[in-house]
Amino acid sequence: MGYSDNEFDVIVVGAGVVGSSTVYQLTKRGQKTLLLERFDFLHHQSSSHGESRTIQATYLEDYYLGLVDESYRLWEAQHFDMGPSDAKSLLFVLATCRKNTIPYQVLDHRQVAERFSRQIDIPEPTNAVLMFQMLAFKNGACLKDNTTLVSINKDGDQGLKVAASNGEIFWGKKYVVVVGDWMRNLVKTEGIELPIQPLEANVCYWRIKDGHEVEYAIGNDFSMFTSYRHSYIFGTPSLEYPGLIKVAVHGGYQWKVDLSKPVMIQLCVYLMTPNEDFMIEFLRGEFRKDVVIEGGFSGHGIKMIARFEENPKGNIKEYEDQVGLLKTSL
């Protein structure tokens with residue numbers, strides 16, 4: 001089709017790390033793409049801001065390994081998982097590694113003292129968002145922030161008609177929605193209730209003891225880590241704030257929690273599904289397969305929204321049998 005300035009192959013709404021990387025991948029494939037964001041680019045009102053994140057292949061669920069392998073083409077890192085020797089989650093991580101031939105080492109506390117740390121590379125999420133946006137722009141994408149959508153409708157042969165609050169009108173063949181918690185209101189128009197719970201997560205920064213700042217800094221002998229016990233705790237080397245190390249609890253709270261011991265606390269929004277698997281699905285209804293929605297990125301990924309219609313809790317995970325087999329082989 002011939003294009004005007006307001007006609008696109010794909011319109012992506014939401015300029016976080018997922019939306020921005022989606023636009024980049026689309027432009028790499030030659031698609032004329034528009035990226036819309038209701039706030040300023042690189043705002044701090046979502047889950048994509050901040051200077052450091054972890055990436056790891058040690059998942060409890062082995063169906064993520066294909067996604068992880070692809071991610072490692074862009075990000076390269078090492079990860080240290082720790083916990084009691086009978087921790088079910090940790091044992092299942094080992095089972096997943098064995099099943100999928102992922103290299104790993106099992107260390108006792110003495111070996112940890114000797115070999116615990118390694119040099120790693122940690123991606124910087126805010127910089128990653130900007131990188132994807134700039135690469136997409138270089139590939140020809142149109143980027144617009146401070147643009148709030150007010151409607152999306154089918155428009156005959158022209159595809160999807162998108163109206164913004166500033167009066168601009170855009171047309172696109174396909175439409176990808178990655179707008180975090182705002183997605184719940186969008187899909188309600190199609191009679192779909194998404195089981196996404198926004199949670200407030202406290203990302204805590206703790207003071208490193210005097211004289212030990214260098215050894216806990218990024219690029220030296222300290223790894224990012226995860227601890228499996230009653231809570232899932234993770235941490236990274238000192239990076240964004242010299243002299244401070246980031247340690248936080250995976251998940252979040254539906255209310256603010258008073259934590260007075262850390263030197264500093266940053267707030268981050270977690271959008272959790274009941275089983276912590278994210279969702280990528282067609283909106284269906286009148287839009288059929290022209291609109292894709294992505295959300296609930298609570299660290300994992302389920303693919304079918306329809307499964308929540310039959311089971312509000314999704315696919316509940318049971319690891320008892322696999323853990324028992326692993327314990328007998330150790």
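Within the range 85-111, restricting attention to residues that are open to solvent by 70 Å² or more (accessible area, probe 1.4 Å) and β-branched (Val, Ile, Thr), which residue is nearest to residue 61 (Cα to Cα)?
The qualifying residue nearest to residue 61 (Cα to Cα) is 101.
So, residue 232, is that one open to solvent by 50 Å² or more (accessible area, probe 1.4 Å), in contact with a Gly (Cβ under 9 Å, 6 or more places away or on another chain) and at pLDDT below 80 or not? Outline the logic, then answer.
On the way: open to solvent by 50 Å² or more (accessible area, probe 1.4 Å): yes; in contact with a Gly (Cβ under 9 Å, 6 or more places away or on another chain): yes; at pLDDT below 80: yes.
So residue 232 passes the test.
Return yes when residue 199 is under 15 Å from residue 8 (Cβ atoms) and open to solvent by less than 50 Å² (accessible area, probe 1.4 Å) and no when it is not. Explain how you work it out, then say what you get.
Numbers: under 15 Å from residue 8 (Cβ atoms): no; open to solvent by less than 50 Å² (accessible area, probe 1.4 Å): yes.
Considered against the rule, which asks whether it is under 15 Å from residue 8 (Cβ atoms) and open to solvent by less than 50 Å² (accessible area, probe 1.4 Å), residue 199 comes out as no.
Residues of the range 203-249 being of a type outside the set (Ser, Thr, Tyr), under 25 Å from residue 279 (Cβ atoms) and in contact (Cβ under 8 Å) with a residue 60 or more places away in the chain, which ones? Walk me through how you get there before you give the answer.
So the first thing to find is which residues in the range 203-249 are of a type outside the set (Ser, Thr, Tyr), and the list is 203-204, 206-215, 217-222, 224-225, 229-230, 233-235, 237, 239-240, 242-249.
Checking the rest, the ones that are also under 25 Å from residue 279 (Cβ atoms) come to 203, 234, 248-249.
203, 234, listed by residue number.
Residues being touching a Ser or Thr at 6+ places or on another chain (Cβ under 7 Å), part of a helix (DSSP H, G or I) and either open to solvent by less than 10 Å² (accessible area, probe 1.4 Å) or within 22 Å of residue 271 (Cβ to Cβ) (or both): count how many of those fall in the range 16-26. Give the steps one after another, and end with the answer.
Here is the first cut: in the range 16-26, the residues touching a Ser or Thr at 6+ places or on another chain (Cβ under 7 Å) are 16-17, 23, 26.
Narrowing the set further to residues that are part of a helix (DSSP H, G or I) leaves 17, 23, 26.
Now drop any that are not either open to solvent by less than 10 Å² (accessible area, probe 1.4 Å) or within 22 Å of residue 271 (Cβ to Cβ) (or both), which leaves 17, 23.
Here the count works out to 2.
Scan the range 145-163 residue by residue and report those that are of a type in the set (A, V, I, L, M, F, W, C), open to solvent by less than 60 Å² (accessible area, probe 1.4 Å) and under 27 Å from the mean Cα position of the chain (by Cα). Lay out the reasoning, then the answer.
As a first pass, look at the range 145-163 and keep what is of a type in the set (A, V, I, L, M, F, W, C): 149-150, 152, 160, 162-163.
Going one step further and asking which of them are open to solvent by less than 60 Å² (accessible area, probe 1.4 Å), we end up with 149, 152, 160, 162-163.
The answer is 149, 152, 162.
Checking residue 226 against (1) touching a His at 6+ places or on another chain (Cβ under 8 Å); (2) farther than 28 Å from residue 240 by Cβ, which test does it fail?
(2)
Applying the selection to the range 132-165, what residues are closer than 24 Å to residue 287 by Cα and part of a loop (DSSP other than H, G, I, E, B)?
Answer for the range 132-165, where residues must be closer than 24 Å to residue 287 by Cα and part of a loop (DSSP other than H, G, I, E, B): 141, 147, 148, 155, 159, 165.
The values are calculated or read from the model by the stated rules, or taken from the named source; none is laboratory data. Computed from a predicted model, the values in this text were never measured in an experiment. Cβ: placed from backbone, ideal geometry, glycine included. Neighbour counts: every protein chain shown. Note: areas computed on protein heavy atoms with side chains; ligands, DNA, RNA excluded. Shrake-Rupley method; radii C 1.70, N 1.55, O 1.52, S 1.80 Å.
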